[in-house]
Amino acid sequence: MTGSVMPPYIYYFIGALLLPVVPGRLAKRALTLLVPVLAFAALVAVPKGSYNIIPFLNYHLILMRVDKLSLVFSYVFVIMSFIGAIYALHIKEEGQMVAAFLYVGSTLGVTFAGDYFTLFFFWEIMAGASVFLIWYNKTEASVKAGYRYLLVHVAGGCLLLAGILLQIATKHSIAFEPGSFGGVASYFILAGFIVNAAVPPFHPWLPDAYPMGTITGSVFLTAYTTKSAVYVLCRGFAGVEVLMWLGAIMAIYGVVYAFIEVDMRKLLSYHIVSQVGYMVCGVGIGTELALNGSAAHAFCHILYKALLFMACGAVIHVTGKRKLTELSGKGLYKTMPFTLAMYMIAAFSISAVPLFNGFISKSMVVAGAGEAHHGLVELMLHLASVGTFLSVGLKLPYFAWFGKPIHPHEAEPVMGGRPPLNMEIAMAIAGFLCIALGVYPDALYRLLPYAVNFHPYTYGHVVKTMGMLLFVLLAFVIYLPKISLHDRTNLDTDWFYRKGASLLYRFVSGPMDAFYRNMQARFSRQVDFIAFVAKNPYTAPALLWLGFERFVASGFGVLKSVPDLARVEAKFQDLSKKDYTPEAYKSPVGVGVMLSVFFLAVFMLIYLLR
Amino acid sequence: MTKGKKILFAAILIIVVALDFYHPGGAHEVHFWWQKIPGFDAIFGFLGCFFLMLFAKKVIYPLFSREEDYYDR
């Protein structure tokens, strides 16, 4: 059970190192595709158990903890990296792929980490590597969003580190084990985890940053950070009831905000919050069915959410437009039908339409809520499903591919065309997997951490789901004439740090700076005075005395015109004009001799009297 | 939508609700009373969808929507 194995994530780190130095576009492309394949081979070969255990201080670092839970997440992470690599194959700058490989590698590191030190190490690389996928977009907005993203994740990392250190202090252990909830240490660790899981109110980094990433980079971003957070929650915090409520709330929170968004990728980002809500909720319920559901939903979600981002990315790549207000009425269904078809596969998957993969995973979480008799939670998740189909399945595709022009005066020609072939291939693979898992769920169910005794394709389940979806469609069709799109910013909880930061800046550059300058002026006046007095050491004592006299004569600096003050002032000015010249003070050599004699006498007295 | 499509759509809606009244091979697993109501999911979908659209447009949007360059000023 122990020993050492080849960790699959090593290939990503080697790939990231080699990619910049490999010569030629063809070799770079080959390497990009080879890395996920090698990692997948390593993943299939790795046996269950704990490996690569390294003694460190008084603890043991476990680099590879392989069990069903870590494997199911790792499989989808590696598969996704292959799809993402194909999707990004046309990108010329290799830096993006280096960042993506570091990001994927560190996520796998988190997934296999058996202790908190290893976990934290990879956790931080994840944040540092992924931010480059945002910065590579190279717009001012993406640079700013990237900094905000990084700061939030560094803050989350600090919470995690604080929790780990507290655990070491109280339990003398760095073990990352389930059932550790309770106590201050676990609160900090949980807080660190839910920042990455984008649980409200710590979620706004996600819809803030993901739409700002590069077209290909955002596809990677959607898959890893939140889902690795779901994994660590599954591992460490299964059955923590507060997560169930937070998950159900965030599932609805996401769909409400998504409905008023017009930026395609921002709308989809809010649906990541919503979908991760199902997973967090499943973790909170904590039964075998619910935990299976969370893992299965993470697996399916990665595939269809990446496909949604890939399809919208293809639209942005071809048209250069990312908002529904700019795309509506441009007739993209005529010029980009393949992308529309792929988008709709993903949209049906996320909406849990039967025969698509969301149907077989989302229903597990909902059934888990039912089985555990949480009626309200079950209804909340149902409501989130309604909103998901509304925004992702109906609103977005309607306005992006069909719709009427929002600004009729902008008579732009019909845009569109085919995206690069590699993009289409990547979309096709993801689309195939979405349908394949929907049609043949056992392929996924076999990978889940617990034995599955769940059948999604019952008559009642299919009929009820179709009834719900079709009546959502009816409601949408009725309300459609009233739906208007506006280019607006919708405030979210990031308002607190975005506005708070500028308030802090104003406070620092205003009152704080004024205080600083005031203090500096006061101190430099004293320094000036000392320098002024010290110009002539011989007159210094007299000047100091006169200065004190002047201070007293002026009534401690209050009075201005007192006869006495004028006299003292005149004397002061007179004396201060006296420059130090060696010649003027040569005569009193005797002063020195006298002082020496005086001190010697004093010392002698002291010596004799002791 | 043409009249033919409207009729087709209405027919599908009616059929899908009607199918929920009849459950061959035992009922769907029931945990709560509302799961016994035939067509509950259809009603829930319809009303829920309206609730979400109106809540987002009439409550959240007026409260939290600002000019596009809100954060840049």
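Some points to look at:
- Of all residues in the stretch A:546-574, exactly one satisfies the criterion of being closer than 17 Å to A:ILE530 by Cα and in contact with a Leu (Cβ under 6 Å, 6 or more places away or on another chain), namely A:PHE572.
- Taken over the stretch A:291-332, the residue count meeting the criterion of being assigned to a helix (DSSP H, G or I), in contact with a Leu (Cβ under 9 Å, 6 or more places away or on another chain) and open to solvent by 10 Å² or more (accessible area, probe 1.4 Å) is 4.
- Tally, over the stretch A:263-290, of residues that are buried (at least 24 other Cβ atoms within 10 Å of the Cβ) and either of a type in the set (Ser, Thr, Tyr) or under 17 Å from A:ILE194 (Cβ atoms) (or both): 16
- A:VAL593 vs. criteria surrounded by fewer than 10 Cβ atoms within 10 Å (Cβ to Cβ) and among the aliphatic types (A, V, I, L, M): no
- Restricting the stretch A:362-381 to residues that are of a type in the set (D, E, K, R) and facing another protein chain (nearest Cβ under 10 Å) leaves a set whose member that is most open to solvent (accessible area, probe 1.4 Å) is A:GLU371.
- Enumeration of residues in the stretch A:454-488 that are more than 7 Å from chain B (Cβ to nearest Cβ), modelled with pLDDT under 90 and surrounded by 16 or more Cβ atoms within 10 Å (Cβ to Cβ): A:LEU485
- If the condition is being assigned to a loop (DSSP other than H, G, I, E, B), open to solvent by less than 100 Å² (accessible area, probe 1.4 Å) and free of Cβ contacts under 8 Å to residues at least 60 places away in the same chain, then the stretch A:489-535 contributes A:LEU491, A:ALA534.
- Residue match in the stretch A:184-195 (condition: open to solvent by 20 Å² or more (accessible area, probe 1.4 Å) and free of Cβ contacts under 8 Å to residues at least 24 places away in the same chain): yes
- Only one of the listed residues (A:VAL46, A:VAL78, A:VAL35, A:VAL66) is open to solvent by less than 40 Å² (accessible area, probe 1.4 Å), at pLDDT 90 or above and within 24 Å of the chain's Cα centre (by Cα). That residue is A:VAL78.
- Pairs linking a residue in the stretch A:1-29 that is more than 16 Å from A:LEU108 (Cβ to Cβ) to a residue that is assigned to a loop (DSSP other than H, G, I, E, B) and at pLDDT 90 or above, with Cβ atoms under 6 Å and 6 or more positions apart or on different chains, are A:LYS28/A:VAL22; A:ARG29/A:LEU89.
- Options B:LEU63, B:LEU8, B:LEU19, B:LEU47: the member that is surrounded by 12 or more Cβ atoms within 10 Å (Cβ to Cβ), more than 7 Å from chain A (Cβ to nearest Cβ), modelled with pLDDT of 85 or more and farther than 17 Å from A:LEU383 by Cα: B:LEU8
- A:ILE14, sole failed condition from (1) in contact with a Lys or Arg (Cβ under 8 Å, 6 or more places away or on another chain); (2) assigned to a helix (DSSP H, G or I): (1)
- Residues within the stretch A:202-218 that are open to solvent by 10 Å² or more (accessible area, probe 1.4 Å) and under 9 Å from the mean Cα position of the chain (by Cα), tallied: 0
- Neighbours by Cβ (under 9 Å, 6+ apart or cross-chain): first from the stretch A:134-146, in a helix (DSSP H, G or I); second open to solvent by 60 Å² or more (accessible area, probe 1.4 Å): A:TRP135/A:TYR147; A:ALA141/B:ASP72; A:SER142/A:TYR136; A:GLY146/A:PHE132
- Selection from the stretch A:417-453 of residues that are open to solvent by 30 Å² or more (accessible area, probe 1.4 Å) and among the acidic types (Asp, Glu): A:ASP442
- The set of residues in the stretch A:154-183 that are crowded, with 17+ Cβ neighbours inside 10 Å and not small (Gly, Ala, Ser) comprises A:LEU159, A:LEU160, A:LEU161, A:ILE164, A:LEU166, A:GLN167, A:ILE168, A:ILE174, A:PHE176, A:PHE181.
- Condition check for A:ALA251: under 26 Å from A:HIS486 (Cβ atoms) and open to solvent by less than 10 Å² (accessible area, probe 1.4 Å): yes
- Members of the stretch A:382-401 that are more than 13 Å from every other protein chain (Cβ to nearest Cβ) and either small (Gly, Ala, Ser) or open to solvent by 10 Å² or more (accessible area, probe 1.4 Å) (or both): A:TYR398, A:PHE399, A:ALA400
- Test: residue in the stretch A:236-246 that is buried (at least 24 other Cβ atoms within 10 Å of the Cβ), closer than 25 Å to A:PHE181 by Cβ and not assigned by TED's automatic domain parsing to the domain that holds A:LEU327: no
- Here A:GLY282 meets the list (1) in contact with a Ser or Thr (Cβ under 6 Å, 6 or more places away or on another chain); (2) not assigned by TED's automatic domain parsing to the domain that holds A:ASN357 almost entirely, failing just condition (2).
- Cross-chain or 6+ apart pairs with Cβ under 7 Å, the stretch A:431-442 first and modelled with pLDDT of 95 or more, then open to solvent by 20 Å² or more (accessible area, probe 1.4 Å) and assigned to a helix (DSSP H, G or I): A:GLY431/A:MET342; A:GLY431/A:ILE345; A:CYS434/A:ILE345; A:ILE435/A:ILE345; A:LEU437/A:ALA443
- Meets criteria (touching a Gly at 6+ places or on another chain (Cβ under 7 Å), over 21 Å from A:PHE471 (Cα atoms) and not β-branched (Val, Ile, Thr)) for B:HIS31: yes
- Considered as a group, the residues in the stretch B:50-60 that are under 14 Å from the mean Cα position of the chain (by Cα) and more than 7 Å from chain A (Cβ to nearest Cβ) include one that is least open to solvent (accessible area, probe 1.4 Å), and that residue is B:LEU54.
- Exactly one residue out of A:GLY370, A:GLY331 is under 19 Å from A:ILE252 (Cα atoms) and assigned by TED's automatic domain parsing to the domain that holds A:ASN292, and it is A:GLY370.
- Test: residue in the stretch A:83-102 that is at pLDDT 95 or above and under 19 Å from A:MET6 (Cα atoms): yes
The values are calculated or read from the model by the stated rules, or taken from the named source; none is laboratory data. This one's a predicted model, so the numbers in the text were calculated from it and none came from an experiment. Quick reminder, even Gly has a Cβ in these numbers, built from the backbone with ideal geometry, and neighbours come from all protein chains shown. To get the accessible areas, we keep the full protein, side chains included, count just its heavy atoms, and leave off ligands, DNA and RNA. Shrake-Rupley method; radii C 1.70, N 1.55, O 1.52, S 1.80 Å.
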